[in-house]
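Novice: Before I ask anything, let me first share the structure, which is written out below as structure tokens.
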Amino acid sequence: MALVAVVMLPVLAGLALYALPRDDRRICKIAACGVALATLVLVVLTHGQSATYGWLSRPFTAAFHFSNGGISTWIALLLSLCTLCAILTCNVPRLRNFLTLMLLLEGSMMGLFLARDLLLFALFWDLMLIPVFLGLVGWGEHTATAWRYLIYNFAGGLTLLLATAAFGIAYGSTDVIGVAGLAHLGNVWQPWIFAGFAFAFLVKTPVWPLHTWMPATYADTPSPMVAVVSAVQSKAGLYGFIVISRALLPESSHAAANLMIWLGIVGLLYGAVVALVQTDAKRLVAYSSLSHLGLILIALFSFNELALRGAVIYIIAHGLFSSALFLVLGYVEQREETRSLLRLGGLGWQNPRIAGAFCLVALAALGLPGLAGFSGELLILAGVFQSGNISAALVALVPIVIASAYMLRLFQGLMNGPQIADLPIRKDLSWLEGLALAPLIAALVFLGVYPQPVASFDASSYAVHAAVKK
Amino acid sequence: MIANPYNSLDWNAVIPLLVVSVTALAVLFADLVARGGVKRVVCIAIGLAGLAVAAVLCAKSYGQSYSSFGGGFIMGGFTVVFEELIVLSAIFSVALYSAVGEARHLAGSIALLLWSAAGAMLMAGAGNLMTIFLGLELLSLALYCLCGMSRRTTARESALKYLILSSTASGFMLYGMALFFGATGSVSLAALANPATAASPLFLVGTALFFIGIAFKLSLVPFHVWTPDVYEGAPLPVTAFMSVATKAGALAVLVRFAYATLPSIHVREILLPLYVVAAISMLVGNLAALAQTDMKRLLAYSGIAQIGYILVALAGTTALGLRYAVFYLAAYLFMNLGAFAVVALMSTENEEGSRIAAFHGLGWRRPWLAAAMAFFLLGLAGFPPTAGFIGKVLILASAVGAGYAWLAGFLILGTAISLYVYFKILRLMYERDQQRAAPVVENSSALAWVSVGVCAIVTVALTFYPLVPSNIIPLVK
Amino acid sequence: MPGTLPVAIENYIALSAVIFFVGVAGVMLRRNPLIMLMSIELMWNAANLLFLAFSKMWLNNAGHVFAFLVITVAAAEAAIGLAIVVTVFRSAKHVDVDEVNLLKG
């Protein structure tokens, strides 16, 4: 029951915000923070619990089955932490409605990552598109971005739905996520079902060449929302690859492994190179995400346990530093009303605390040892190397070098360099903003020196198969 | 003295139908008696009460299965479920008269709407060709009048257009029935179930003509051209009623014909054209909906696509598929009539607020109404957490399971297109541009709000408790 | 075939088919609502003719009953149809469906 509350609390409380006075921003924000904090606490408290309620018995069995354990717990923690930090410093017009969307977004993604039933997974998959669409329509810069986001992701959602229905018919049940030792699914249907799922996951992650919705969406979405979307929503696809494609459709996953690794490599290089030449700070981070997530895709399809553990650490680490990056960029944008690298510069002299926080986060993003990004990358590379795919491991090293270049360029462009005269002197990081960034940075440092808790999940429940001999 | 040829069981079978018809007379009588402002309240109250009684009486026969009037009307789970759906759509439509509609036509409109519902209910249980025809015509004749019941010129023209096209379709169907009669020598559907008749050319030509008539009533492409015009021209409650009840009645006839009458060896071949038409309807309906500027026209085209989805569930004529078709029809009923109720709340007594431009900025001006509309549109697009989502999953599963994966593909394609249709409205409602925002219409009819609420709650509830009716295989004997 | 007919059944079918298609053509091609209503009547009565012929052929009175039913319904249909034509005529002062174009197909 408490577990259902984790999902329902943000949704219902988000709708209940409508009962608050529209113009009292303070009350709305305090209420929303309270809800986000309560959700975070609930995630911790319900660790290890699971709850099942019947749903369908025909034409296949489906259940409202939630479980808080394994990878899901970590992503749920990441989600509730990011949402809390984002809400804390949220400062947009029509705040109440925006906070409602943030809480709906949290609830729908929470359901997605705690779901243990494919149909339930598909339900939340579609549901989490709506808050972002409305966020883009109501607060974004171009309506076209909202459409692009929706059309790409809904197309993915539809193939996911079709694949789920076909899986249910072929297997007789969709209550299968995280179940070890599943009976075998027939080979006739498997490639089609795999294709349906894979398309949805590739779009959502996103992976080159299905990424074109992503940079514009990340640039246009208000910073608090994109901090959550880039940190957690983009992980939905990778999470799906772990718990659905790899675990439930192993034969097809192995058959498609080479293709996926290639897509990952292209995305990795492409994202890094394009990030080098961006002048919009948010777009730069978006392309760097494309590059980082490509690395995770390679790790997942190397079918190596070490790489999988590395991938999960990196999923959490990327979530932490990308949401911190977007939050800081949001603070900068709010002060200077631009995020173009051409127009900004020398902020570090006026705002040393912003510069300091930004520096730490950027270092985590480029994989400095001692911060969380590094431990993930290291394990991934070791795992990919171990799986025998030496060329992929070597290629994956290149963007790590490029990452240093674009991250430092971003830092240089914003914080160092000559001060640009026409920018007014603004306030440094406020205590509230510091409070929002502190847990993210602390977690980055903690996972950098001690990644063991995240890495030590029980891999057998995701049915990790030994690599098939080629 | 001639003994009464019909026993009490026969009358029992049609009691809900009789209650609805007599309620219509009561409404007309109340119109004569009541004076002034209470007239509207009294007429609507009587109409709703009668429909509620009919719904309860109808539900009581669930689980019974017998044939009455010499096979003319067949009672059973199938009939009950369809009658309930028709009565429900009549209830929601009558409720809309509290928000829109000219006062002087009110009683007449409600009475005609009830008779029309009786016709659709007759179709739901029709066991021979005569009752099918009678039900169809009772439904249609009342609707012709209803469509013309407005001072607007467009309404009258839409009535004329509907009358001519619909009568032509009835002519096709009637000629098909005559050929059936020639092939079997009997007007009962049971006689058609004989596999030997399937070889007769009279039967095949008759089936083709029969399908044309049905396709017209279901407004499947290419027999759909009347739908948007008539939906736009007709008064709002009538449009709401037509969008569900006409289709429910025609679908009942089609299902009884496909499931109980067609010989099972040939059913796949005979129904194939219907599936092709369904596939085209899903695409054309959604594509045409893109260009609409009027909410009623948009919902008309969306309805064309939705009926295509329902036919996908029937692919392969499996028992499970029929249950999902009925489930989706019910889901469609609540989502669609909910959307109509929202439109009613944006209308004044004489001016219907169905222009799509009127939705501009609604999300900031009437947040609850906009949220309700968004919810119904999401449902029609197949988004969770609505019955539309789970209904689509069930339909997909049934089509894939029956070996009609290509139809499932068309459904996915149609849904992808429909996304743009529904989210266009969503975008309009929540866009920031305050300058283009339409003026607010403050219509706060309590009954329409109740409709909105009930529809929304049921739409959510059906997601979590998908009440798929069992025991609804239609019979002909 | 149980019944005997003075004229072979094929002739009835052919005649009714011709009448039916004359009706269909009338609805499709003519633009005067009154003529269109008449054409619809032709379609319906073609079916009636068929019902009666088959009724005789099968020696089953159901066809006769059906024909009566159709005639009754057709009368109601004509009454409503003419009423609607009159209302449209009153408001538009013409009876040509091509000019009835406020609502486009």
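The values are calculated or read from the model by the stated rules, or taken from the named source; none is laboratory data. Predicted model, so just to flag it, every value in this text is computed and none were measured. Cβ coordinates were reconstructed from backbone atoms using ideal geometry, including for glycine residues, and neighbour counts include every protein chain displayed.
Novice: Based on what the data block shows, is A:THR73 hydroxyl-bearing (Ser, Thr, Tyr), in contact with a Pro (Cβ under 8 Å, 6 or more places away or on another chain) and away from chain B (no Cβ under 14 Å)?
Specialist: On the way: hydroxyl-bearing (Ser, Thr, Tyr): yes; in contact with a Pro (Cβ under 8 Å, 6 or more places away or on another chain): no; away from chain B (no Cβ under 14 Å): yes.
Judged against the criteria, A:THR73 is not a match.
Novice: Also, I was wondering about something else. Checking A:LEU12 against (1) at pLDDT 90 or above; (2) touching a strand residue (DSSP E or B) at 6+ places or on another chain (Cβ under 8 Å), which single condition isn't satisfied?
Specialist: Only one criterion in (1) at pLDDT 90 or above; (2) touching a strand residue (DSSP E or B) at 6+ places or on another chain (Cβ under 8 Å) is unmet by A:LEU12, namely (2).
Novice: Give just the number: which of (1) closer than 19 Å to B:TYR332 by Cβ; (2) of a type in the set (Phe, Trp, Tyr); (3) within 8 Å of chain A (Cβ to nearest Cβ); (4) in a helix (DSSP H, G or I) does B:PHE383 not satisfy?
Specialist: (4)
Novice: Let me ask something additional. Are any of the residues in segment B:221-231 part of a helix (DSSP H, G or I), aliphatic (A, V, I, L, M) and over 30 Å from B:SER98 (Cα atoms)?
Specialist: Within segment B:221-231, the first condition is being part of a helix (DSSP H, G or I), and the residues that meet it are B:226-231.
Imposing the further condition that a residue be aliphatic (A, V, I, L, M) reduces the set to B:230.
Of the ones still in play, those that are also over 30 Å from B:SER98 (Cα atoms) are none.
No, segment B:221-231 contains no residue that is part of a helix (DSSP H, G or I), aliphatic (A, V, I, L, M) and over 30 Å from B:SER98 (Cα atoms).
Novice: Please determine whether any residue of segment A:96-119 is in contact with a His (Cβ under 6 Å, 6 or more places away or on another chain) and in contact (Cβ under 8 Å) with a residue 12 or more places away in the chain.
Specialist: Yes, segment A:96-119 has at least one match.
Novice: Exactly one condition in (1) at pLDDT 90 or above; (2) facing chain C (nearest Cβ under 10 Å) is false for B:ALA248; which is it?
Specialist: (2)
Novice: Name the residue, out of B:ALA159, B:ALA198, B:ALA215, that is facing chain C (nearest Cβ under 10 Å) and either closer than 16 Å to B:LEU262 by Cα or in a helix (DSSP H, G or I) (or both). Spell out how you get there, then give the answer.
Specialist: Working: B:ALA198 fails: facing chain C (nearest Cβ under 10 Å); B:ALA215 fails: facing chain C (nearest Cβ under 10 Å).
Exactly one of B:ALA159, B:ALA198, B:ALA215 is facing chain C (nearest Cβ under 10 Å) and either closer than 16 Å to B:LEU262 by Cα or in a helix (DSSP H, G or I) (or both), namely B:ALA159.
Novice: Return the only residue of B:VAL225, B:VAL187 being of a type in the set (A, V, I, L, M, F, W, C) and out of contact with any strand residue (DSSP E or B) (no Cβ under 6 Å at 6 or more places or on another chain).
Specialist: Working: B:VAL187 fails: out of contact with any strand residue (DSSP E or B) (no Cβ under 6 Å at 6 or more places or on another chain).
Just a single option satisfies the conditions, and that option is B:VAL225.
Novice: In segment B:143-156, how many are in a helix (DSSP H, G or I) and either among the aromatic types (Phe, Trp, Tyr) or more than 19 Å from the chain's Cα centre (by Cα) (or both)?
Specialist: Going through segment B:143-156, the residues in a helix (DSSP H, G or I) turn out to be B:143-148, B:153-156.
Filter again for either among the aromatic types (Phe, Trp, Tyr) or more than 19 Å from the chain's Cα centre (by Cα) (or both), leaving B:144, B:148, B:153-156.
The number of residues fulfilling the criteria is 6.
Novice: Now for a different question. Look through B:LEU475, B:LEU428, B:LEU447 and report the one residue that is part of a loop (DSSP other than H, G, I, E, B) and out of contact with any Leu (no Cβ under 6 Å at 6 or more places or on another chain). Break it down stepwise before answering.
Specialist: Details: B:LEU428 fails: part of a loop (DSSP other than H, G, I, E, B); B:LEU447 fails: part of a loop (DSSP other than H, G, I, E, B).
Exactly one of B:LEU475, B:LEU428, B:LEU447 is part of a loop (DSSP other than H, G, I, E, B) and out of contact with any Leu (no Cβ under 6 Å at 6 or more places or on another chain), namely B:LEU475.
Novice: Can you spot a residue in segment A:161-178 that is among the hydrophobic types (A, V, I, L, M, F, W, C) and either within 17 Å of the chain's Cα centre (by Cα) or away from chain B (no Cβ under 14 Å) (or both)?
Specialist: Initially, segment A:161-178 is screened for residues among the hydrophobic types (A, V, I, L, M, F, W, C), giving A:161-163, A:165-167, A:169-170, A:176-177.
Okay, now just the ones that are also either within 17 Å of the chain's Cα centre (by Cα) or away from chain B (no Cβ under 14 Å) (or both), so A:176-177.
Yes: one or more hits.
Novice: How about segment A:9-65: which of its residues are of a type in the set (Val, Ile, Thr) and either in contact (Cβ under 8 Å) with a residue 40 or more places away in the chain or under 21 Å from A:SER108 (Cβ atoms) (or both)? Walk me through how you get there before you give the answer.
Specialist: From segment A:9-65, those of a type in the set (Val, Ile, Thr) are A:11, A:27, A:30, A:35, A:39, A:41, A:43-44, A:46, A:52, A:61; that's our starting set.
The answer is A:VAL11, A:VAL35, A:THR39, A:VAL41, A:VAL43, A:VAL44, A:THR46, A:THR52, A:THR61.
Novice: So how many residues does segment B:146-156 have that are more than 7 Å from chain C (Cβ to nearest Cβ) and of a type outside the set (Gly, Ala, Ser)?
Specialist: The initial filter retains those residues of segment B:146-156 that are more than 7 Å from chain C (Cβ to nearest Cβ), namely B:146-147, B:149-152, B:155.
Now narrow it down to the ones that are of a type outside the set (Gly, Ala, Ser): B:146-147, B:149, B:151-152.
Here the count works out to 5.
Novice: Count, please, the residues in segment B:169-195 that happen to be within 13 Å of chain C (Cβ to nearest Cβ), over 26 Å from the mean Cα position of the chain (by Cα) and polar (S, T, N, Q).
Specialist: Here the count works out to 2.
Novice: Among the residues of segment C:21-61, count how many are facing chain B (nearest Cβ under 7 Å), in a helix (DSSP H, G or I) and out of contact with any helix residue (DSSP H, G or I) (no Cβ under 7 Å at 6 or more places or on another chain).
Specialist: 1
Novice: Additional query: B:ALA169 fails exactly one of the following numbered conditions: (1) touching a Lys or Arg at 6+ places or on another chain (Cβ under 8 Å); (2) in contact (Cβ under 8 Å) with a residue 60 or more places away in the chain. What is the number of that condition?
Specialist: (2)
Novice: Restricted to segment A:131-165, and to residues that are in contact with a Gly (Cβ under 7 Å, 6 or more places away or on another chain) and of a type in the set (A, V, I, L, M, F, W, C), which residue is surrounded by the most Cβ atoms within 10 Å (Cβ to Cβ)? Walk me through it before giving the result.
Specialist: Kept after step one, since they are in contact with a Gly (Cβ under 7 Å, 6 or more places away or on another chain), are these residues of segment A:131-165: A:146, A:159-160, A:162-163.
Add one more test, that the residue is of a type in the set (A, V, I, L, M, F, W, C), and what stays is A:146, A:160, A:162-163.
Numbers: A:ALA146: 26, A:LEU160: 25, A:LEU162: 30, A:ALA163: 25.
Among those that are in contact with a Gly (Cβ under 7 Å, 6 or more places away or on another chain) and of a type in the set (A, V, I, L, M, F, W, C), it is A:LEU162.
Novice: Right, B:ALA399: part of a helix (DSSP H, G or I) and at the interface with chain A (Cβ under 10 Å from one of its Cβ atoms) or not?
Specialist: Criteria met by B:ALA399.
Novice: Next question, about the same structure. Take B:VAL238 and tell me if it is under 24 Å from the mean Cα position of the chain (by Cα), assigned to a loop (DSSP other than H, G, I, E, B), more than 10 Å from every other protein chain (Cβ to nearest Cβ) and farther than 30 Å from C:ALA53 by Cβ.
Specialist: On the way: under 24 Å from the mean Cα position of the chain (by Cα): yes; assigned to a loop (DSSP other than H, G, I, E, B): no; more than 10 Å from every other protein chain (Cβ to nearest Cβ): yes; farther than 30 Å from C:ALA53 by Cβ: yes.
No, not satisfied.
Novice: Hey, among B:ALA325, B:ALA300, which residue is touching an Asp or Glu at 6+ places or on another chain (Cβ under 9 Å) and surrounded by 24 or more Cβ atoms within 10 Å (Cβ to Cβ)?
Specialist: On the way: B:ALA325 fails: touching an Asp or Glu at 6+ places or on another chain (Cβ under 9 Å).
Answer to the selection: B:ALA300.
Novice: Regarding A:LEU120, is this residue closer than 30 Å to B:GLY391 by Cβ, of a type in the set (A, V, I, L, M) and more than 14 Å from chain B (Cβ to nearest Cβ)? Can you show your working first?
Specialist: Numbers: closer than 30 Å to B:GLY391 by Cβ: yes; of a type in the set (A, V, I, L, M): yes; more than 14 Å from chain B (Cβ to nearest Cβ): no.
Here the answer is no, as A:LEU120 does not meet what is asked.
Novice: Taking the criterion of being of a type in the set (Ser, Thr, Tyr) and without any contact (Cβ under 8 Å) to a residue 24 or more places away in the chain, would at least one residue in segment B:4-21 satisfy it? Walk me through it before giving the result.
Specialist: Filtering segment B:4-21 down to residues of a type in the set (Ser, Thr, Tyr) leaves B:6, B:8, B:21.
Still in the running and without any contact (Cβ under 8 Å) to a residue 24 or more places away in the chain: B:8.
Looking through segment B:4-21, at least one residue is of a type in the set (Ser, Thr, Tyr) and without any contact (Cβ under 8 Å) to a residue 24 or more places away in the chain.
Novice: Could you grab me the full set of residues in segment B:405-424 that are farther than 19 Å from B:LEU290 by Cβ, surrounded by fewer than 24 Cβ atoms within 10 Å (Cβ to Cβ) and more than 9 Å from every other protein chain (Cβ to nearest Cβ)?
Specialist: B:TRP406
Novice: Let me ask something else. What residue, among those in segment C:62-78 that are within 7 Å of chain B (Cβ to nearest Cβ) and within 15 Å of B:PHE180 (Cα to Cα), is nearest to the chain's Cα centre (by Cα)?
Specialist: C:PHE66
Novice: Determine, yes or no, whether A:ARG426 is part of a helix (DSSP H, G or I) and of a type in the set (D, E, K, R). Talk me through it step by step, then tell me what you get.
Specialist: On the way: part of a helix (DSSP H, G or I): no; of a type in the set (D, E, K, R): yes.
So A:ARG426 does not fit the description; no.
Novice: Looking only at segment A:129-152, count how many residues are more than 10 Å from chain B (Cβ to nearest Cβ) and under 14 Å from A:VAL229 (Cα atoms).
Specialist: Pass one, segment A:129-152, residues more than 10 Å from chain B (Cβ to nearest Cβ): A:131-132, A:141-142, A:144-145, A:148-149, A:152.
With under 14 Å from A:VAL229 (Cα atoms) added as a condition, the list becomes A:131-132, A:149.
Final tally of qualifying residues: 3.
Novice: Another question, then. Within segment A:392-421, how many residues are outside any helix (DSSP H, G or I) and in contact (Cβ under 8 Å) with a residue 40 or more places away in the chain?
Specialist: Here is the first cut: in segment A:392-421, the residues outside any helix (DSSP H, G or I) are A:416-421.
Narrowing further to those that are in contact (Cβ under 8 Å) with a residue 40 or more places away in the chain: A:416-420.
Residues that pass the stated criteria total 5.
Novice: Let me ask something else. Would it be correct to say that B:VAL230 is closer than 17 Å to B:SER347 by Cβ, at pLDDT below 95, aliphatic (A, V, I, L, M) and crowded, with 24+ Cβ neighbours inside 10 Å?
Specialist: Numbers: closer than 17 Å to B:SER347 by Cβ: no; at pLDDT below 95: yes; aliphatic (A, V, I, L, M): yes; crowded, with 24+ Cβ neighbours inside 10 Å: yes.
No, not satisfied.
Novice: If you don't mind, there's one more thing I want to ask. Would you point out which residue out of B:GLY363, B:GLY316 is within 14 Å of chain A (Cβ to nearest Cβ), on the phi > 0 side of the Ramachandran plot and not aromatic (Phe, Trp, Tyr)?
Specialist: B:GLY316
Novice: What's the number of the condition A:ALA38 fails, among (1) farther than 23 Å from B:PRO466 by Cα; (2) away from chain B (no Cβ under 14 Å); (3) at pLDDT below 90; (4) surrounded by fewer than 23 Cβ atoms within 10 Å (Cβ to Cβ)?
Specialist: (3)
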